[in-house]
1. Sorted by average packing, counted as other Cβ atoms within 10 angstrom per residue and highest first, what order do 190-203, 81-94 take?
2. Taking other Cβ within 10 Å of each residue's Cβ, how do 118, 76 sort, fewest first?
3. Taking neighbour counts of Cβ atoms within 10 Å as a proxy for exposure, in what order, fewest first, do 380, 167, 173 appear?
4. If R₀ is 30 angstrom, what is the calculated FRET efficiency for the pair residue 222 and residue 96, using the beta carbon separation as r and rounding to 0.05?
5. Once every Cα of the stretch 100-147 carries one equal point scatterer and solvent is ignored, give the base-10 log of I(q)/I(0) from the Debye formula at q = 0.13, 0.28, 0.31, 0.33 Å⁻¹, two decimals.
6. Neighbouring Cβ atoms within 10 Å as the yardstick, rank 385, 368 fewest first.
């Protein structure tokens, strides 16, 4: 066997292989230059973000530290220049250079990937914010801090990206779902489906009842002096009355056709006197009639309770628009109730009411905050979830260097 040439030995130091043929000094140094280039960014994308609602109307005021989704596709980014795990991405505020935290919900280099980024400030109108997305630097520092995306008042955030339970909480509180709600009928676990944003979870198929998701009690889910619930739901064709969540005797309940179409934010003390009807053991925070969920696909919903210090007002939103109602009440008490209630958070079922109260439909995104979100916040989130705030058509894309084929770390093929 012949001894390797000096050129091949030098190549092995650079590429980790002696398997080069036709090695030439000029070709070798061209390849070295390209390899060293991988220590710089391959692409820069300047992304304008508009501070608008779903209709394109400007917000009335600025919002700060707002999470927004970035939907990546092959016509928006060069997947071939990005490391396989997507972590050689950096997102910053374009004018200040401030590096922004982001979370990868899902990564598909042959399809659609979903990232969430926390934007420091979104102003009203077309000039809401300006982001700088850079990628294609394989030695990029892995300062991946996804939990910081949800540090602005969120206590639980579920993308349901895992497909089947348990589901991970994206916040730093780690309020992950654990076991399913126990039930004597041994209800099945929810099924994974394609959701509105990414993966979703369906709680009923062919009118079969499914158990809800249990989140063990934690300090972050107790003594909530205000609350915002944000969710994406497909109510299904026919499920009557069911629960989005149940916590400390407080519940958010949906009711759609064939009954009246409404959303109810209620308190159930679970202390029904002997001989009393269950309906008497209820304190209505707010009942939003003509809520407009319907049964024709995914809807983006939100309910905001302003808390005792703000008079206990309850507001409800569908697709970012505040809904009217005929029976809205204020509640100035605390959400921490009697010691005999179940302090766990139940998603998709009201455990105290049995299997008949599980959602006969589906959920995609589900979030809880311990702060009352503004109307502008809710409106902007609805627009962002529909991919209407990041203007990819106006993005400025700059290729900063030639890109090696990332399909093999040892490849020196210029794409």
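1. Numbers: 190-203: 20.4, 81-94: 18.9.
Packing order, densest peptide first, comes out as 190-203, 81-94.
2. Ranked by crowding around the Cβ, least crowded first: 76, 118.
3. Working: 380 28, 167 22, 173 18.
The most exposed by this proxy come first: 173, 167, 380.
4. Values: r = 37 Å, r/R0 = 1.23.
According to the calculation, E is roughly 0.20.
5. These q points yield log10 I(q)/I(0) values of -0.42, -1.20, -1.23, -1.25.
6. 385, 368
We did not get these values from a lab; they are worked out from the coordinates using the rules stated. If you're wondering where the values come from, they're calculated on a predicted model, not measured in any experiment. Cβ atoms come from the backbone with ideal geometry, glycine included; neighbour counts cover every protein chain shown.
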